[in-house]
Amino acid sequence: METMVDYIAAFREDLARAEPALRRLTDAGAADALAPGKWSSKEVLGHLIDSACVNHERFVRAQQADELVFPGYDQDAWVLAQRYGGASWTHLIDLWVAYNRHLAHVMEAVPPDRRDREFDHHSLDVIALRPVPSAVPATLGQLMADYVVHLEHHLTQILGPGWAFDPVVEPPAGRVVLETERLLLHELGASDLPFVADMVGDAETMRFYPHAFTPLEARRWLQRQLDRYARDGHGLWMVVERATGARVGQVGLAMQDVDGVREPEVGWLIHRSHWRRGFAAESGRGVRDHAFHALGFERVISLIRPENSPSRAVARRVGMMPERVTMFHGYRHLVHAVRRL
């Protein structure tokens, strides 16, 4: 069972970090469109005020109902009707901060058994930023966490990437699992979170994933690896360049359920600033050999979407060949595999 990341604590930290950054923007600058045809920072923050208002009602009503069914709303019409683009930037920040501090209090006040109660009848397939299929039960906690992810998504539009974490200053501290000619692979730790968040929050790096990750989703990604270490003895590891000590990506071995069979997958994700240096293939070969000789696996796989040509090239350099196509997490993937010789 995966460890739950405390989304309410992350929410409070988001507010503490975002408020001073928002206040550093000028009123005139906040009135400029973020891109042609897009909202301004004032309008994005106004939308987040609307989201707080709508979800405040949802969080309260959900505690008195036997379903999680709520109407949506026309976001553009609400922003236009309230003329957020001409409002005072200071006023908008004050209102946004006050409303969300209250929402954090509301969320924290809900008893855990109420937050975690599963509802078969819900509308999170329609109203959530990260939808829950209608056939899958949903919880109030999922709706609350989705609110935080939605808030982070829009704050990144205003403040840019990296706003949620301090820059990386501490060297990797986790246990060294294996070494290659140029690289060390460490177990992940808390000091790796800013690097991980920067990597998985980059749209270009994550173009073959459903979406780039917000700060809360980055926390969950890292925690998932810690859970894998505890459960399986391995997971994705931090890849560090030996010559410089720089973090370059995450590569490792993760157990995956594929067509009803549990198999070890060699997975790689390299930070965009370190692409085209052969790090994915070198560390992938190291993980492959570690899986065969240290962990005793007879076969390892990699799941790669057919359109992901760069990753398919890495798989070939790791010695893998495509076997078949399968559906994995709702997308077509090629199952690449190699057996121990």
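Side notes on the structure shown:
- In segment 230-341, counting only strands (runs of 3 or more DSSP E) that sit wholly within it, the ones holding 1 or more residues that are more than 27 Å from Glu170 (Cβ to Cβ) and of a type in the set (Asp, Glu) span 247-258, 261-270, 321-328.
- Among the residues of segment 306-328, those that are farther than 15 Å from Arg339 by Cα, touching a strand residue (DSSP E or B) at 6+ places or on another chain (Cβ under 8 Å) and either hydroxyl-bearing (Ser, Thr, Tyr) or touching a residue at least 12 places away in the same chain (Cβ under 8 Å) (or both) comprise Pro306, Ser311, Arg312, Val314, Val325, Thr326, Phe328.
Yes/no matrix, rows are residues, columns are (1) under 25 Å from Pro131 (Cα atoms); (2) out of contact with any Ser or Thr (no Cβ under 8 Å at 6 or more places or on another chain); (3) buried (at least 19 other Cβ atoms within 10 Å of the Cβ):
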site: Asp32; (1), (2), (3): no, no, no
site: His47; (1), (2), (3): yes, yes, yes
site: Gln64; (1), (2), (3): yes, yes, no
site: His105; (1), (2), (3): yes, yes, no
site: Asp116; (1), (2), (3): yes, no, no
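- Check on Glu108, in contact (Cβ under 8 Å) with a residue 60 or more places away in the chain and within 23 Å of Glu217 (Cβ to Cβ): yes
- Val196 being of a type in the set (A, V, I, L, M) and in contact (Cβ under 8 Å) with a residue 60 or more places away in the chain: no
- Contact map, segment 158-186: residues that are in contact (Cβ under 8 Å) with a residue 12 or more places away in the chain and of a type in the set (Ser, Thr, Tyr) paired with residues that are surrounded by 14 or more Cβ atoms within 10 Å (Cβ to Cβ) and not in a loop (DSSP other than H, G, I, E, B), Cβ distance under 8 Å, separation 6+ or inter-chain. Pairs shown: Thr180/Glu282; Thr180/Ser283; Thr180/Arg285; Thr180/Gly286.
- Matching option when the condition is assigned by TED's automatic domain parsing to the domain that holds Phe119 and touching a helix residue (DSSP H, G or I) at 6+ places or on another chain (Cβ under 9 Å), among Ala21, Ala16: Ala21
The values are calculated or read from the model by the stated rules, or taken from the named source; none is laboratory data. What you are looking at is a predicted structure, and each value in this text was computed from that prediction instead of being measured. All Cβ positions, even for glycine, are placed from backbone atoms using ideal geometry, and neighbour counts span all protein chains on display.
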